[in-house]
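Here's the structure, in structure tokens; my notes come after.
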Amino acid sequence: MTDKVLERIKEFNKGRNPERLLLKYTAMGANSFVFFRGTCHLFYEDWPINSPLNDAPPVWVCGDLHLENFGSYKGDNRLVYFDVNDFDEGALAPATWEIARFLTSILVGADTLGVNQSDAIALCHCFLKAYTGALALGTARTVEAATAEGMVADLLESLKLRRRKDFLDRRTEEKKGKRRFIIDNKRTAAVSSKEESSVQSLIKNWAAKQNNPDFFKVLDVGTRIAGTGSLGVKRYVILVEGKGSPDGNYLLDIKQATPSSLAPYLNLSQPKWANDAERIVAIQKRMEAMPQAWVSAVEMEGEPFVLRGLQPTQDKVSLDRWNGKLRRLEKVLKTMGEITAWNQLRSSGRQGSAIADELIYWAENASQWHSSLLDYAQAYFNKVEADYQEFSAAITK
């Protein structure tokens, strides 16, 4: 059948905002790495049902682990950390599912980074060695300014120079001491009066339960355009009073929560979450080194949303700045491997996940599964490249 990949993608994205979907498909046409990031569902649709890799210990996973889903954030203890930053697909799954997706992302992303496939495979080994070593030690640690190295340390050091006023100026315009969103239809789009009213009501009800409700007085609401895989779901950005107008204002993000792409293919029993927002927030809080401030599951018009703050300190490592020195990328991959292991250890023994002793034993016997994971990642890399070519040809017709 012609355009089979496009049909699968359209079926998965059915019901999303058509304008945002057009943006998503256009972005996915840029290169195979953006395509891979925007089609997490294809990875799990294609995952082999009877693979021995499914016998790995069950762990809590973010579900969409790839090179771009790590970043910095400020925890509710006001310290800045580097960690996994996307839990929309979170679930209880075999540990190999998470690792295979990340290894594939290295191979698919190699061309974008300017790395040849031989070096990309070396980076896969680097990640696996760090992941396995950290898991075998059995102790969950954190990455912050004092413990970071290489390009991650550079990122966290640069955040010290960031100012809230500059952060606000990039997204809002000030008139007579009051800020409003810049409607550029690239980062922020207008909302209808009905949407604005619904968001206002949501924030008011949520704020009433916080220590300082006046902090969250809504000043403006916009439609937020961000991400790749989630483009098309309902998402809003809210400007609130914070510590005072105009330069003490804060931004909130609320994003519609949708079912995990892993859900149809999991044989492991999952907790009975109240809704998908509760699932996302619960998994994020049990995996992250330190919970982000204000992350909450909320409802609007009967639909689940995840609320979180937007911070000047949120950013990603610019991986393209490895400057031809592979060692710089190796240090980042080492950090990402350790974080992945620490998150699994931190959330071990929770509602069906393997206890730390099981994960340590599995890591100590890594020779039994390392090569199988790499073989699968390399084979699926070829599948992604073929799917991307088919998708690109289909959307340009």
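With a 1.4 Å probe and every protein chain left in place, work out the accessible area per residue of the stretch 88-214 in Å², rounded to a whole number.
On the way: 6450 Å² over 127 residues.
Accessible surface, normalised per residue, equals 51 Å².
Apply 1/(1 + (r/R0)^6) to the Cβ-Cβ distance of ARG163 and LYS129, taking R0 = 41 Å, and write down the FRET efficiency to the nearest 0.05.
Computed FRET efficiency for ARG163 and LYS129 comes out at 0.60.
For the peptides 200-208, 289-297, what is the packing order when you average, over each peptide's residues, the other Cβ atoms within 10 Å and list the highest mean first?
Numbers: 200-208: 15.6, 289-297: 17.3.
Result, highest mean Cβ count within 10 Å first: 289-297, 200-208.
For the stretch 4-62, what does the accessible surface come to per residue with a 1.4 Å probe? Please give it in Å². If you can, show how the numbers build up before the last one.
Values: 2660 Å² over 59 residues.
About 45 Å² of surface per residue is accessible.
Expected output is a single nm value to one decimal: the length gained when fully extending between GLU45 and ALA379, i.e. 0.36 nm times separation in residues minus the C-alpha distance. What is it?
Difference between extended and current length: 118.7 nm.
From the helices alone, meaning DSSP H stretches of at least four residues, give me the mean residue ellipticity at 222 nm for the chain, per-run term -39500 (n - 2.57), in deg cm²/dmol to the nearest 500. Write down the numbers at each step before the final one.
Numbers: 13 runs with 171 residues, N = 397.
-13500 deg cm²/dmol, from helical runs alone.
Express in nm, to one decimal, how much length is gained between ASP154 and LYS186 on full extension, taking 0.36 nm for each residue of separation and deducting their alpha carbon distance.
8.7 nm
What percentages, rounded to whole numbers, describe P(r) for the chain computed over all alpha carbon pairs with 20 Å bin width beginning at zero?
Cα pair-distance distribution for the chain, in percent: 27, 60, 14, 0.
Hey, what do the phi angles of the stretch 47-58 turn into as Karplus ³J(HN,Hα) couplings, whole Hz, using 6.51/-1.76/1.60 and θ = phi - 60°, x for Gly and Pro?
Karplus-based 3J(HN,Hα) across the stretch 47-58 equals 4, x, 5, 9, 6, x, 5, 6, 8, 5, x, x Hz.
Within 10 Å, count the other beta carbons around each residue, average over each peptide in 14-23, 125-134, 308-317, 368-377, and list them highest first.
Sorting 14-23, 125-134, 308-317, 368-377 by mean packing, highest first, produces 125-134, 308-317, 368-377, 14-23.
Once both labels are modelled 7 Å past Cα along the beta-carbon direction, what's the ASN365-GLN210 spacing in nm?
Each label point is offset 7 Å from its Cα along the Cβ direction, giving 4.9 nm.
Pull up the cross-link candidates among the aspartates and glutamates for LYS325, meaning alpha carbon to alpha carbon under 12 Å and not fewer than 8 places away within one chain.
ASP119
Under a cut-off of 16 Å between alpha-carbon atoms, report the aspartates and glutamates in cross-link reach of LYS165, not counting same-chain residues fewer than 8 places apart.
Answer for LYS165, where 16 Å is the Cα cut-off: GLU173, GLU174, GLU241, ASP247, listed by chain and number.
Would you work out what percent of the accessible area of the chain, with all protein chains in place, is carbon or sulfur (probe 1.4 Å)?
About 49 percent, which is the carbon plus sulfur part of the accessible surface.
Please give, to one decimal in nm, the separation of the simple spin-label points placed at ALA146 and GLU173, each 7 Å out from Cα toward the Cβ.
4.5
Quote the relative contact order of the stretch 157-311 in percent (integer), defining contacts as alpha-carbon pairs under 8 Å separated by 6+ residues. Kindly include the intermediate steps, with their values, before the conclusion.
Numbers: 223 pairs, mean separation 28.9, N = 155.
The normalised contact order for the stretch 157-311 reaches 19 percent.
Enter the accessible area per residue of the stretch 252-367 (Å², integer; probe 1.4 Å; all protein chains in place).
Normalised by residue count, the accessible surface of the stretch 252-367 is 44 Å².
Could you give the length gained on full extension between ILE395 and THR26, defined as 0.36 nm per residue of separation minus the Cα-Cα distance, in nm?
Numbers: separation 369, 0.36 × 369 = 132.84 nm, distance 0.84 nm.
Gain on stretching ILE395 to THR26: 132.0 nm.
Using only C-alpha positions, report the orientation-averaged shadow area of the convex hull of the stretch 117-175, nm², one decimal. It would help to have the intermediate numbers written out before the result.
Details: hull surface 27.3 nm².
Projected over every direction and averaged, the Cα hull of the stretch 117-175 covers 6.8 nm².
Past the 27 Å Cα-Cα mark, which pairs from LYS24/LYS160; LYS178/LYS285; LYS10/LYS383; LYS234/LYS272; LYS14/LYS74; LYS316/LYS397?
LYS24/LYS160; LYS178/LYS285; LYS14/LYS74; LYS316/LYS397
Calculate the FRET efficiency for ARG321 and GLN117 from the Cβ-Cβ distance with a Förster distance of 22 Å, rounded to the nearest 0.05. Please report the intermediate quantities before stating the final value.
On the way: r = 21 Å, r/R0 = 0.95.
Step by step, r from the Cβ atoms, then E = 0.55.
The values are calculated or read from the model by the stated rules, or taken from the named source; none is laboratory data. This is a predicted model, so every value here is computed, not measured. In this analysis, Cβ positions are derived from the backbone assuming ideal geometry, glycine residues included, and neighbour counts consider all displayed protein chains. The protein model used for the area step is the full one, side chains on, heavy atoms only, and it has no ligands, DNA or RNA in it. Shrake-Rupley method; radii C 1.70, N 1.55, O 1.52, S 1.80 Å.
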